[in-house]
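Any read-out appearing in this document is the output of simple, stated calculations on the displayed coordinates, not a laboratory observation. What you are looking at is a predicted structure, and each value in this text was computed from that prediction instead of being measured. No Cβ is skipped: glycine too gets one built from the backbone with ideal geometry, and neighbour counts run over all protein chains shown.
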Amino acid sequence: MKPVLIIRTGRAPDPIRARHGDFPHWFRLGAQLSPARIRVVDVEAGEVLPAPSEVAGALITGSAAMVTERAPWSERTAGWIRDAMDLELPMFGVCYGHQLMSHALGGRVDYLPGGREIGTVTLNVLASAKDDALASALPGEFRAHATHEQSVLELPKGTTVLASSSRDPNHLVRYGKNAMSAQFHPEFNADVMRAYIQRKQHDMKREGFDPHHTFRQVAPTPLARRLFRQFSRHHGLAAG
């Protein structure tokens, strides 16, 4: 059986990682992957990706890096994404992974107008989702955790936006039948979201946001997590 690839593009801050774990662990739990089946490749550290044909699917993590920096490791990963799309490999990108997928396929990434989006946000499901294999199961609104400064400002041709927030119109995107990406973090739980807000509170105050209000508004996001799990199940990646 081919492994499920977790493309690690970064790592959680040390205090969060020490208390809550890190992206691969959160991805494994959120997507219900078997520990024996996953293969983690740390592209930020220079590890080499396997050929797309050698894996059953790929999940791409978030990162503190910026896609606009065009780091060599990031651009190499973008090339890998293009090759994987040619093979119609099941792929799900989150946050940095979401932006990198859109960048790789011809979209434009830059800083989100109005500053960072952080906390538990309300996403509006668009009419385009009604015929989607996975997003059609979502209600008109659902909550998700987010923390990002950059975003997809222009989408690649041929993509479909499935959900948006008041700040970011491109929160959930589909690229063909097997690939999706989310600006939000379906792998986060409420404790992880609160930890990120605490870590960013000084930046938030400086930018005119109220971190205490944002912290109090954190809530569970079961539908965002369910979408991640359903993607994994739909494409035969989940355990059991």
Practice problem: For Glu117, work out the one condition from (1) surrounded by fewer than 21 Cβ atoms within 10 Å (Cβ to Cβ); (2) touching a residue at least 24 places away in the same chain (Cβ under 8 Å); (3) more than 17 Å from Lys177 (Cα to Cα); (4) over 16 Å from the mean Cα position of the chain (by Cα) it doesn't fulfil. | Solution: (4)
Quiz item: So, of the residues in segment 62-117 that are assigned to a strand (DSSP E or B) and of a type in the set (Val, Ile, Thr), which turns out to be farthest from Leu172 (Cα to Cα)?
Solution: Val109
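Yes/no per residue for (1) of a type in the set (Ser, Thr, Tyr); (2) in contact (Cβ under 8 Å) with a residue 24 or more places away in the chain; (3) more than 22 Å from Gln217 (Cβ to Cβ):
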site: Gly140; (1), (2), (3): no, no, no
site: Arg143; (1), (2), (3): no, yes, no
site: Thr147; (1), (2), (3): yes, yes, no
site: Gln150; (1), (2), (3): no, yes, yes
site: Leu153; (1), (2), (3): no, yes, yes
site: Thr160; (1), (2), (3): yes, yes, yes
site: Arg167; (1), (2), (3): no, yes, no
site: Gly176; (1), (2), (3): no, yes, yes
site: His185; (1), (2), (3): no, yes, no
Self-check item: Flag for Gln217 being of a type outside the set (Phe, Trp, Tyr) and closer than 16 Å to Trp26 by Cα
Solution: no
Self-check item: Residue that is surrounded by the most Cβ atoms within 10 Å (Cβ to Cβ) [pool: residues in segment 29-38 that are of a type in the set (A, V, I, L, M) and assigned to a loop (DSSP other than H, G, I, E, B)]
Solution: Ala31
Quiz item: Looking only at segment 42-83, which residues are surrounded by 14 or more Cβ atoms within 10 Å (Cβ to Cβ), farther than 22 Å from Ser151 by Cα, out of contact with any Lys or Arg (no Cβ under 7 Å at 6 or more places or on another chain) and not charged (D, E, K, R)?
Solution: Leu49, Pro50, Pro52, Gly57
Quiz item: For segment 1-28, how many residues are touching a residue at least 40 places away in the same chain (Cβ under 8 Å), surrounded by fewer than 16 Cβ atoms within 10 Å (Cβ to Cβ) and not in a loop (DSSP other than H, G, I, E, B)?
Solution: 2
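Hey, can you tell me all the residues within segment 85-106 that are touching a residue at least 60 places away in the same chain (Cβ under 8 Å) and among the small types (Gly, Ala, Ser)? Outline the logic, then answer.
Step one: filter segment 85-106 for residues touching a residue at least 60 places away in the same chain (Cβ under 8 Å), giving 85, 88-102, 105.
If the condition is that a residue be touching a residue at least 60 places away in the same chain (Cβ under 8 Å) and among the small types (Gly, Ala, Ser), then Gly93, Gly97, Ser102 are the ones that fit.
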Quiz item: What are the residues in segment 202-216 that are of a type outside the set (Phe, Trp, Tyr) and either closer than 18 Å to Arg19 by Cα or part of a loop (DSSP other than H, G, I, E, B) (or both), if any?
Solution: Glu207, Gly208, Asp210
